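The values are calculated or read from the model by the stated rules, or taken from the named source; none is laboratory data. Here the structure is a predicted model, which is why all the values come from computation and not from measurement. No Cβ is skipped: glycine too gets one built from the backbone with ideal geometry, and neighbour counts run over all protein chains shown. Please note that ligands, DNA and RNA were not included when accessible areas were found on the heavy atoms of the full protein model with its side chains. Shrake-Rupley method; radii C 1.70, N 1.55, O 1.52, S 1.80 Å.
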Amino acid sequence: MRWRVLAVVTLLALSGCTGFLSGDEPVPTVTPAPVPTDPPDTGPGAMIVPGVYADGELEPDLLADAHRDVLRETSFVWTETDNRTGRVANVTDSTMSYRTVAFANATRYYFETNGRTDRYQGRRVYYPVYNEYADGEDVYIRALSTSWAAYRYDRVTAGGSRSRFVRSATNAVERYLPVGSASIERIESNAGVRYRLTSTQPSETLAPLVEDYRVSVVVTRRGLVQNLTAMYTTERRTRSETITFTHRYTSNITDVGNVTVSSPAWLPEAHRRLANGTSLSSP
């Protein structure tokens with residue numbers, strides 16, 4: 001029975017609370033972080049990128065603002081993964097959730113995830129397959145739930161999508177970067193100067209919840225966090241046992257300013273199912 005309990009708890013741990021197509025919350029107005037244009041000084045008080053000082057001191061809010069500002073003005077591909085391995089006694093089970101979006105602009109993008117939850121007819125519905133494709137003013141949705149056997153389709157009006165995905169891609173920076181200091185490594189390549197930041201100090205949000213924490217970040221001179229990897233352990237207590245989870249979270253930004261989005265293979269079926277302006281099979 002332990003493996004069944006572990007599998008259920010692991011699945012629930014991966015479930016969020018978003019709807020079939022989440023609405024956008026208001027995005028607070030922020031003051032753009034300073035963007036360095038000249039080579040920075042090397043003194044300990046010099047800010048080498050927004051929110052990062054040469055001596056390793058960090059101001060995560062400034063870095064998150066700069067990251068957000070870069071994404072607001074360009075196309076990008078963002079991929080997030082969360083690998084979790086649960087262990088109770090000598091029994092283990094692993095799960096992996098992901099979200100990815102190829103974002104050209106607010107009316108042209110493709111989004112998919114294998115872990116989305118919704119409320120449908122008063123009960124909780126889990127989607128192991130969920131896709132969105134924006135084609136002009138229309139967003140086509142395909143979803144498969146554990147509560148039914150076939151794909152269902154919907155069509156909604158595009159709107160506010162950039163702020164939605166920029167917010168999601170910035171949440172990781174705000175959640176996983178520590179307030180304090182990090183070690184810094186300068187990286188030089190044909191792509192320009194970048195910096196790798198590493199720390200074993202969790203953020204104030206995570207500190208009471210995690211152990212064995214380590215985070216590594218690669219950031220550009222403008223403050224774009226191209227890669228973030230966080231590893232840590234947590235515990236969850238049931239009535240009879242304690243489950244230990246090992247986490248490996250990643251957030252990656254690629255193809256900045258160079259995104260093309262092709263229509264998915266399931267789009268003709270969505271057109272057929274949603275003919276005559278109707279949503280024949282939306283949840």
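Within segment 21-30, does at least one residue satisfy the condition of being acidic (D, E), modelled with pLDDT under 90, closer than 20 Å to A172 by Cβ and assigned to a loop (DSSP other than H, G, I, E, B)?
Applying the first criterion (acidic (D, E)) to segment 21-30 yields 24-25.
The next check asks that each one be modelled with pLDDT under 90; those that pass are 24-25.
Of the ones still in play, those that are also closer than 20 Å to A172 by Cβ are 24-25.
Still in the running and assigned to a loop (DSSP other than H, G, I, E, B): 24-25.
Checking segment 21-30: at least one residue is acidic (D, E), modelled with pLDDT under 90, closer than 20 Å to A172 by Cβ and assigned to a loop (DSSP other than H, G, I, E, B).
Kindly provide the set of residues from segment 136-151 that are surrounded by 19 or more Cβ atoms within 10 Å (Cβ to Cβ) and either more than 17 Å from L267 (Cα to Cα) or at pLDDT below 90 (or both), ordered by number. Before the answer, list the steps.
Here is the first cut: in segment 136-151, the ones surrounded by 19 or more Cβ atoms within 10 Å (Cβ to Cβ) are 139-143, 145.
Within segment 136-151, S145 is the sole residue that qualifies.
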Item to complete: Go through (1) out of contact with any Leu (no Cβ under 8 Å at 6 or more places or on another chain); (2) of a type outside the set (S, T, N, Q); (3) assigned to a strand (DSSP E or B); (4) farther than 27 Å from V101 by Cα and name the single condition I243 misses.
Response: (1)
Fill in: Residues within segment 91-121 that are surrounded by fewer than 19 Cβ atoms within 10 Å (Cβ to Cβ), at pLDDT 95 or above and hydroxyl-bearing (S, T, Y), tallied
2
Worksheet entry | Unique match (being part of a strand (DSSP E or B) and surrounded by 15 or more Cβ atoms within 10 Å (Cβ to Cβ)) among R236, R186 | R236
Practice prompt. Give the number of residues within segment 190-216 that are under 29 Å from I243 (Cβ atoms), of a type in the set (V, I, T) and open to solvent by less than 50 Å² (accessible area, probe 1.4 Å).
Written response: 3
Response to the item:
Checked V8, V88 against criteria (under 29 Å from R236 (Cα atoms) and modelled with pLDDT of 50 or more); the one match is V88
Response to the item:
Among residues of segment 156-171 being outside any strand (DSSP E or B) and of a type in the set (S, T, Y), the residue most open to solvent (accessible area, probe 1.4 Å) is S163
Worksheet item: Which condition number does T220 fail, the rest of (1) modelled with pLDDT of 90 or more; (2) open to solvent by less than 60 Å² (accessible area, probe 1.4 Å); (3) touching a Ser or Thr at 6+ places or on another chain (Cβ under 9 Å); (4) of a type outside the set (A, V, I, L, M) being met?
Response: (3)
Item to complete: Starting from segment 61-73, take each residue that is open to solvent by less than 30 Å² (accessible area, probe 1.4 Å) and list its partners that are in a loop (DSSP other than H, G, I, E, B) and charged (D, E, K, R), counting only C-beta distances under 8 angstrom and pairs at least six apart or across chains.
Response: A66/R222; V70/R222
Discussion item. Please go through segment 239-277 and give me each residue that is open to solvent by less than 40 Å² (accessible area, probe 1.4 Å) and either under 18 Å from A104 (Cβ atoms) or touching an Asp or Glu at 6+ places or on another chain (Cβ under 6 Å) (or both), ordered by number.
Written reply: T244, Y249, S251, I253, V259, V261, P264, L267
Item to complete: From L177, L197, grab the single residue that is at pLDDT 95 or above and under 28 Å from S75 (Cβ atoms).
Response: L197
